[in-house]
Amino acid sequence: MATVDLLTPDIFASWDGLVAGFTTRHGGVSDPPYDTLNLGLHTDDDPSRVRANRERFCAALDMTPDQMVTAEQVHGKHVAGVEAPGRVPQCDGFVTSTAGLLLCIHTADCAAVLLADPESQVVGACHAGWRGAAAQIPKRAVQALEEQGARPNRLRAYISPCISAERFEVGPEVAEQFGDPFVQHPPGAERPHVDLKASIADQLHQTGVPKAHIEVSPHCTMSDTDRFFSYRAEDGSTGRMIGFIGRRP
């Protein structure tokens, strides 16, 4: 069996019992263009292969697929509180104080934002593409964590691999939804670029999360399709990775 390739954030390394990280496209059984560790059942991949990939993914964490919590991911701003596994409709994020759940955010250029308070032991995750970031879902996720006892100054945050500012060319109607610090105009570029990672990190910091508690992945999904799925680079025919976080029982 191939080894499932996982990225492990340094920001959570000191918390025993926490499971958190980000998958790549390696270690699964799916055929091209979903090769190989496609974890998205909403793609056109063979569902039996996706389920086999999920078995491999969860086994690498000493967990099972029936512990997974997934979101419908409608590019909105709703963050739900969850106490049981399953698929949560009409949401792009969730928080929980319940151990034994694996919160999972699917991505293929958007960012997965993972959050945890080591004192209250509340964890959360949200899906932040440009629509979610513009709707300030990172802030809403922190607020939802506060409602369950977390404190922003204690939170640790991880912003997963996603499309980089260098590759995220957008139309002016998208750029205008972000502040000037997050919009770039590279020489020779016909359209503006947006720094999605910086926008998310700034929102987290504005809610009270210390900058030293925010880890931003340096990886760009669109620039590294050997390791990551990229919806934009692969014209929509691609798999999905997962940003995940949870506490062991």
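The figures follow:
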| quantity | calculated |
| --- | --- |
| Sum of side-chain charges, LYS197 neighbourhood, beta-carbon under 14 Å (Lys, Arg +1; Asp, Glu -1) | -3 |
| Charge dipole magnitude, Cβ of K and R +1, D and E -1 - the stretch 80-235, Cα centre, debye nearest 20 | 400 debye |
| Prolate/oblate/rounded call for the stretch 89-203, Cα gyration tensor, a/c under 1.5 rounded | prolate |
| Dipole in debye (nearest 20) - the stretch 125-173, about Cα centre, beta carbon charges: Lys, Arg +1; Asp, Glu -1 | 260 debye |
| Dimensions (Å) - the chain, Cα atoms, principal axes, largest first | 50, 44, 31 |
| Accessible surface of the chain [probe 1.4 Å, protein heavy atoms]: carbon and sulfur percent | 45 percent |
| Value of [θ]222 nm, deg cm²/dmol, for the chain, DSSP H segments ≥ 4, -39500 (n - 2.57) each, nearest 500 | -5000 deg cm²/dmol |
| Per residue solvent-accessible surface (Å²) - the chain, probe of 1.4 Å | 43 Å² |
| Per-q log10 I(q)/I(0), the stretch 1-70, q = 0.17 Å⁻¹ (Debye; single scatterer per alpha-carbon; no solvent) | -0.62 |
| Cα-based Rg and Dmax for the stretch 24-159, where Dmax is the largest Cα-Cα distance (Å) | 14.9, 44 |
| For the stretch 130-185 and the stretch 39-66, distance of Cα centres in Å | 28 Å |
| Selected from HIS26, LEU102, PRO187, residue furthest toward positive end of dipole (the chain; charges at beta carbon) | LEU102 |
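The values are calculated or read from the model by the stated rules, or taken from the named source; none is laboratory data. If you're wondering where the values come from, they're calculated on a predicted model, not measured in any experiment. We place every Cβ from the backbone using ideal geometry, glycine too, and count neighbours over all the protein chains shown. When the accessible area is computed, the model is the full protein with side chains, heavy atoms only, and any ligands, DNA or RNA have been set aside. Shrake-Rupley method; radii C 1.70, N 1.55, O 1.52, S 1.80 Å.
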